[in-house]
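Below you'll find the structure, written out as structure tokens, and then a few comments.
Rule-based calculations on the coordinates, nothing more; no lab input. For clarity, every value in this text was computed on a predicted model and none was experimentally measured. FYI the Cβ positions are ideal-geometry reconstructions off the backbone, even for glycines, and counts take in every protein chain you see.
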Amino acid sequence: MITHRDKSGFISPSRGVTLIELLVTMSVLAILLAVGVPSFGQFTSNNRLNNFSNSLFSNLALARSEAIKRSGRVVICKSADGSACSGTEDWSQGWIIFADVDNDASMDNGEQIIHRMPTMPAGYRFVGNSAISNYVSYDAQGMTKLTSGAFQAGTFTLCPPEPAIAGSGRQIILSSSGRARTVKITTCP
């Protein structure tokens, strides 16, 4: 401890910090940052995945409720431009929900767009298996049906940009009754 004499002649301790105290503090701070920053990155990635999967989940619920309310078919399909259905790419390009008057799962003139979802950030992959790879269609009872009339069920898989953090994928499982549920997955295809 460094001391000095004040105006009255008494010896008092100095209020400074020694080099050793500063180095110890900086070392502790560096260790805390080394442990905390990767955890924060995983937290941020998981938060984004939850937001994206919740967006599709809530949009499926919206399409189902609109079909019941309108007593007619409502479709959610992938759409790059927000005005027409797209048969290419995956669901990360965005999607639209619309009232499908002619039951063809295709956005036509005179059909009303209910909601648009914009493109996800680059690197995210959001795919549906074969039954729901291009669209999900709800009938007036809120059941999922293909344009052929057969029931429609499937799984959407959401994966983060590479390198993926283990256990960070999401799946939205859609039943033929039209209800969806979300689960975490440990591997992304």
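Measuring between their Cα centroids, the stretch 113-139 and the stretch 73-96 lie 6 Å from each other. Legend: calculated FRET efficiency, ALA84 to ILE31, from the Cβ-Cβ distance at R0 = 35 Å, rounded to 0.05, equals 0.05.
Pairs of Lys residues in the chain are counted when their Cα atoms are under 23 angstrom apart and they lie 8 or more places apart or on different chains; the count is 4. If one puts a single equal scatterer on every Cα of the chain and applies the Debye formula without solvent, what log₁₀ I(q)/I(0) results at q = 0.20 Å⁻¹? Scattering profile of the chain, log10 relative to I(0): -1.30. When the Cα gyration tensor is reduced to axis lengths a ≥ b ≥ c, the ratio a/c is 1.5 or higher for the stretch 81-125, and with a/b above b/c it is classed as prolate.
Charge dipole of the stretch 18-185 (Cα centre as origin; +1 on each Lys and Arg Cβ, -1 on each Asp and Glu Cβ, all else neutral): 520 debye, rounded to the nearest 20.
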